[in-house]
1. Tell me the trypsin sites (Lys or Arg not before Pro) within the stretch 1-70 that lie in a loop according to DSSP and have at most 14 other beta-carbon atoms within 10 Å.
2. Given labels modelled 7 Å from the Cα in the Cβ direction, how far is it in nm from R115 to K70?
3. Less than 9 Å Cβ to Cβ from L196, Lys/Arg counted +1 and Asp/Glu -1: what total charge do the surrounding residues give?
4. Give, rounded to the nearest 20 debye, the magnitude of the charge dipole that the chain has about its Cα centre when Lys and Arg contribute +1 at Cβ and Asp and Glu contribute -1 at Cβ.
5. Compute the angle between helix 165-220 and the longest alpha-carbon principal axis of the chain, please, reported from 0 to 90 degrees and rounded to the nearest 10.
6. Put +1 on the Cβ of every Lys and Arg and -1 on every Asp and Glu Cβ in the chain; which of V139, L124, Q43 then has its Cα farthest towards the positive end of the dipole?
7. Probe of 1.4 angstrom, ligands and nucleic acids ignored: what's the accessible area per residue over the chain, in square angstrom?
8. Which residue, Q94, Q52, Q41, has the most motion in a Gaussian network model of the chain that connects Cα atoms within less than 10 Å?
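The values are calculated or read from the model by the stated rules, or taken from the named source; none is laboratory data. Since the model is a prediction, treat every value here as computed from it, not as a measurement. When we count neighbours, we look across all protein chains shown, and the Cβ atoms used for this are built from the backbone with ideal geometry, even at glycine. Ligands, DNA and RNA are excluded from the accessible area calculation, which covers all protein heavy atoms including side chains. Shrake-Rupley method; radii C 1.70, N 1.55, O 1.52, S 1.80 Å.
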Amino acid sequence: MDLLEMWEQMSVPVKLLMGVLAFMSMLSVGIFFERVFTFLQAQKQSKLFAPQVAKHLKDGKLKDGIAASKSKNFKYSHLAKVVLAGMQEYQFQQDTGVELDKEDVVDSVRRAIQRASALTSADLKKGLGILATVGSTAVFVGLLATTLGVINAFQGIAQTGSGGLGAVSGGISEALVGTAIGLFVAIPAVWFYNYLTGRIEYFNVEMDNSSSELVDYFIKK
């Protein structure tokens, strides 16, 4: 029995569940490749951004560092977003003309960086909730198709009055295909989720390190 014959013998509810699994698979693959593209751009642009902004800060050109951070060339850079928030906050405190203790200014910068880090981290995690949902529910959707296939098998037995293979083959096929496709969708989604989560953790470490270096710079300034 080929796949086309299996499809023709499937009941409408099982076909609908197969459609749901196909949609979940395409969704998880789409999210994965979109995130991989975004992460590659973030990594590439951050490598270019770090030495450039470090040079501006070393030369005492804070405004040039802010302008560089706003450049479209670094729109994907997670480091640019975090460092920009800290530099803008420090520049704002300087432009207000109000005399503030250095410690208060640094605390204000640190809070701005923390807010930017939280927002950037949340943006990096975009789509991961869907991957987690697909990875944890696709198996159960497949098991539901399996259950319906078994029900159809027993209905075949009841209608024919025989327990022969011909009476139950359609239902058994639905059951096996449903389970296999459910696993086929769930396993890659879990792999995608774990891989992307690991990349995000690495980016979070980079943001924490850059934030600490920027705060230390303002403390010593």
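1. K61, K70
2. Each label point lies 7 Å from its Cα, and together they span 1.7 nm.
3. Once positives and negatives cancel, what remains is +3.
4. The calculated dipole for the chain is roughly 700 debye.
5. Taking the Cα atoms of the chain, the angle to 165-220 is about 10 degrees.
6. Q43
7. Normalised by residue count, the accessible surface of the chain is 57 Å².
8. Q94
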